[in-house]
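Working notes, structure below.
The values are calculated or read from the model by the stated rules, or taken from the named source; none is laboratory data. Model, not experiment: these values are computed from the prediction. Note: ideal-geometry Cβ built from the backbone for every residue, glycine included; neighbour counts use all protein chains shown. These area figures cover heavy atoms from the full protein model, side chains too; ligands, DNA and RNA do not enter into them. Shrake-Rupley method; radii C 1.70, N 1.55, O 1.52, S 1.80 Å.
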Amino acid sequence: MPNAYNTIKAEFNACPPECRLCEEACAKEKGHKIINQARIKPVHARAVKFHGTMSCVQCGQPRCQQICPAGAIEKNTEDGIVRIDEVQCVGCGLCTVACPYGGVYFDNESQKSFKCDQCNGDPKCVQACPYQVLSYIDNKPVLSFLKEDMLAPGVTACRGCPSELYLRLTLRILGKNTILFSTPGCACGWMHGVYPNAATRLARVHCLFDNVAATMTGSSLYYRSIGKDVNIVSFCGDGSTVDIGFQALSGAAERNEKIIYIVYDNEGYMNTGDQRSGATPYLARTTTTPVGIGRRGKEQGSKYVPLLMLFHGISYVATANIAYPLDFVRKLTKAMHTKDGMSYLHLYSPCPTGWGAPEDSSIAICKLAVETNHFPLWEADHGRVEINHEVANPKSLKEYIELMDKYKHITPEEMDELQKRVNSRYEMIRNLAQRNEPCRV
Amino acid sequence: MTRKKHLIIGAGSAGLSAAEEIRRINTEDEIKIVSAEDFDPYSPTVLPYLLSGKIKEASLAMRKKDYFDKLNVTFVKDKEVTRILPETRNVVYKDGERERYDDLLLAAGAESSWPEIKGLDKSRCQGFHTVSDSRQLLNQLHDKNDVAILGAGLVAIEVAIGLIERGYRVKLIVRSRILRVYLDEDADSIMKGILTSNGINLLYRRGIEEVKQSGGEVQMTFLDGEPLTAAVLLVCSGVKARTEFLSGSGIKVNRGIVVDRKMQTNINGIYAAGDIAEAPDFFAGDYGMNQRSEAAMDGGRIAGSNMAGVPVDYEGWISSNVFHVFGNTSFTAGLAMATGDDYEILAGKDVEKAHYKKLVFKDNKLVGAMLLNVEVDPGVFLYLMRRKVDVGECKKQLFEKPQEISRWLMLLTEEKQGASIQG
């Protein structure tokens, strides 16, 4: 299995103008008088109002290593760091040509190349950054608790659909001790496999739309009665969650059943050809909310079930998004360890096929959904609400909707209205997060 | 599944990168690399540093000792292929032995090309492309001081620098311009100053007529200009693809072995990459030779992937070169010499500071750069070209602040792809 390595993460365009603290710390650590010889480069492009940093990303297959004619560059397979052997380096500079990410530099004085070595696990640039632009992410704990992969290779989901990533990661966290519950939906097309092959290596129960939460309740009760602690987990679409199955879900939530209810929300009934659901956002085009004479897409707003679940008083509520996998993994782990009641995880899952988005854009859409506050990441542990990824300067919703066709018809006025609704929902969550008291019902 | 046998001729950048790619994709197949030379894999790029003494012959190797074991690749040196028999998928070695392959990569590289001049032969003069060449040169220079170099390309100048650093006197015989492929006339005039002030004697001579050897000296006469003498004459007038062993094989050779976008020759199952191959360029798809490490590495990787059964197309080579000379840095990439109405050119120079800056744009994309003593990240500039990043809005800024703006454009492009490279 490939190793997971630690990494220095830099927020995009988030540095204070003209700040050079990381560079100074690096130059000092590396014993250079000339600040230019630091291995991290602040990028202050004033003309375009960009202030960020750039350094080596310690590639998986480093081009610098491959091109080095002197065999002086090597990626250490233990810690993942790409290092230059200064004795071997002849100073030809080919590595600076081969690296597309600006991670290797040339020192005219010593006639050698140099690059970041993450200070061998204790990066001084990160310590020197008071603005939390730089962070050092320890990836080892994540992989160390990833369990066996229970999902078959070669799943048959549509191209670009992130639901496979969600389920695969879910099962690698929850492990074999899990029973999976599903309802009709696009994912059941691939998560059950095509006869005679099964796509998962654990017990699955395929339910009807309207009784999945009730079936989970019964199963949970049974296993508790025989003294077995089993993860009772659903992987259902938004249609079966916010619409058809809501009655049973609401009942299970009110009773705070010991189940983990996971919904992957692609904002519509995608299995049957992109019909609107209760989760479809305001103005979005679907086949049942078309755009034409007198019709402007969906006339109602989207039902926001994560907050409804909070107001049912269940033990744990969270939203998650595959563009932030560490956050997702943490929330899954928390759900698994929540033993006193129900956990509800609401996953945002773009549908390139239905939304009219390029197949390779799902992760970009996921990321923008968070950065525009369209899909804020938050959690409520026993009623205590916390926003997990506060966006300092939210991007305009325009950037987000431009990535897909379902909003193609939107006028600037409608855009403003959409933006207002997004802001309002976010304000609501933020107000809840600012309360000193947990929300109780 | 049957195990395929991939045979690779040549252990340079292209051959190794192909082997690495095949192994990355397939853990079972047999991979064998044969090299005509009796050395572990090395790159001609480092040979000038052997002259300057910056490295020793013992540490020439391009890869670590356990490289082939780790990669599970058989490497045989001093094994020269003399014929290829595509009909039976066999190669014939110099010693008469035959070997069967399932697919074959021709990555035998290039050799010094010799102009046809009366009296110019290897007993008197010296080329410079292999370890043996550099050994021989160092032997010849043992008790002599004065070297003449015929040619003014990259190798000629790098060798000249290596020799100067060792304390030799160097004359460079230039036909028209130094580094003609990489420097235009403005940059050339600055580079000339840099070289001469560091002790390289540039002699402009056209049409070398005859080379004679007498009394331990080489004498040269020219059609145009004074005759010259030197203790050693080094011929660095370019390289040519090493294709002699292909005669009769039916493999199509023009200036090099002609390959398609899969790096495959006209014969199914036979691929070529590196200095030996003639491949399409990035911008127009025009066929040409690009004998630089980057093209060898990328071409080798593409060939390897196709050989391992994962079809990938070669995007084409971009001419590029970074060159560190006496504390100065020169970087040229892409269509830096382009002229005509299709291109928008921004250029400026400061002769006193030895600065020169030229950017070439086409359809709002950066397609060429020539930068002398301007601090940039060469790879980032190539990134902007390869990804065809739209620079319509900020050509001027890119010209004014090439380092900051190119870095910003790269980071922005990565960010837009959704997965920030830093995240």
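Scanning segment B:207-236 for residues that are out of contact with any strand residue (DSSP E or B) (no Cβ under 6 Å at 6 or more places or on another chain) and either open to solvent by 70 Å² or more (accessible area, probe 1.4 Å) or at negative phi (or both) yields a count of 4.
Condition check ((1) aromatic (Phe, Trp, Tyr); (2) part of a loop (DSSP other than H, G, I, E, B)) across all residues:
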{"site": "A:5", "(1), (2)": "yes, yes"}
{"site": "A:8", "(1), (2)": "no, no"}
{"site": "A:13", "(1), (2)": "no, yes"}
{"site": "A:33", "(1), (2)": "no, yes"}
{"site": "A:44", "(1), (2)": "no, no"}
{"site": "A:66", "(1), (2)": "no, no"}
{"site": "A:90", "(1), (2)": "no, yes"}
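For the structure I just gave you, tell me whether residue A:32 is farther than 18 Å from residue A:99 by Cβ, within 13 Å of another protein chain (Cβ to nearest Cβ) and in contact with a Cys (Cβ under 9 Å, 6 or more places away or on another chain). Answer is no for this residue. For residues that are assigned to a loop (DSSP other than H, G, I, E, B) and buried (at least 19 other Cβ atoms within 10 Å of the Cβ), scanning just segment A:68-88, find the one that is nearest to the other protein chains (Cβ to nearest Cβ). The residue in question is A:69.
Taking segment B:363-379 as the search range and keeping residues that are farther than 24 Å from residue A:56 by Cα and touching a residue at least 40 places away in the same chain (Cβ under 8 Å), which one is farthest from the other protein chains (Cβ to nearest Cβ)?
Among those residues, the one meeting the criterion is B:367.
Residues in segment A:111-166 that are open to solvent by less than 30 Å² (accessible area, probe 1.4 Å), in a strand (DSSP E or B) and not assigned by TED's automatic domain parsing to the domain that holds residue A:391 were compared, and the one that is nearest to residue A:266 (Cα to Cα) is A:134.
Residue by residue, here is whether (1) open to solvent by 30 Å² or more (accessible area, probe 1.4 Å); (2) within 14 Å of chain A (Cβ to nearest Cβ); (3) at pLDDT 90 or above; (4) not in a strand (DSSP E or B) holds:
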| site | (1), (2), (3), (4) |
| --- | --- |
| B:58 | yes, yes, no, yes |
| B:70 | yes, yes, yes, yes |
| B:91 | no, no, yes, no |
| B:99 | no, no, yes, no |
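Going by the structure shown, is residue A:105 in a strand (DSSP E or B), open to solvent by 20 Å² or more (accessible area, probe 1.4 Å), touching a Ser or Thr at 6+ places or on another chain (Cβ under 8 Å) and closer than 30 Å to residue A:42 by Cβ? No; evaluated as a whole, the condition is false for this residue.
So, restricting to helices (runs of 4 or more DSSP H) that lie completely within segment A:342-441, which ones have at least 1 residues that are touching a Ser or Thr at 6+ places or on another chain (Cβ under 7 Å), open to solvent by less than 20 Å² (accessible area, probe 1.4 Å) and closer than 26 Å to residue A:187 by Cα? By residue number, A:352-355, A:397-401.
Screening segment B:138-174 for residues that are among the charged types (D, E, K, R) and either under 22 Å from residue A:90 (Cβ atoms) or surrounded by 18 or more Cβ atoms within 10 Å (Cβ to Cβ) (or both) and picking the one that is modelled with the highest pLDDT gives B:171. For the condition within 7 Å of another protein chain (Cβ to nearest Cβ), crowded, with 23+ Cβ neighbours inside 10 Å, within 13 Å of residue B:336 (Cβ to Cβ) and within 29 Å of the chain's Cα centre (by Cα), what is the one hit in B:359, B:382? Being within 7 Å of another protein chain (Cβ to nearest Cβ), crowded, with 23+ Cβ neighbours inside 10 Å, within 13 Å of residue B:336 (Cβ to Cβ) and within 29 Å of the chain's Cα centre (by Cα) holds for just one of B:359, B:382, which is B:382.
Being open to solvent by less than 10 Å² (accessible area, probe 1.4 Å) and of a type in the set (Gly, Ala, Ser) is the filter; apply it to segment B:302-319 and report the residue that is farthest from the other protein chains (Cβ to nearest Cβ). That would be B:316. Could you tell me whether residue B:239 is in contact (Cβ under 8 Å) with a residue 24 or more places away in the chain and under 30 Å from residue B:169 (Cβ atoms)? Considered against the rule, which asks whether it is in contact (Cβ under 8 Å) with a residue 24 or more places away in the chain and under 30 Å from residue B:169 (Cβ atoms), residue B:239 comes out as yes.
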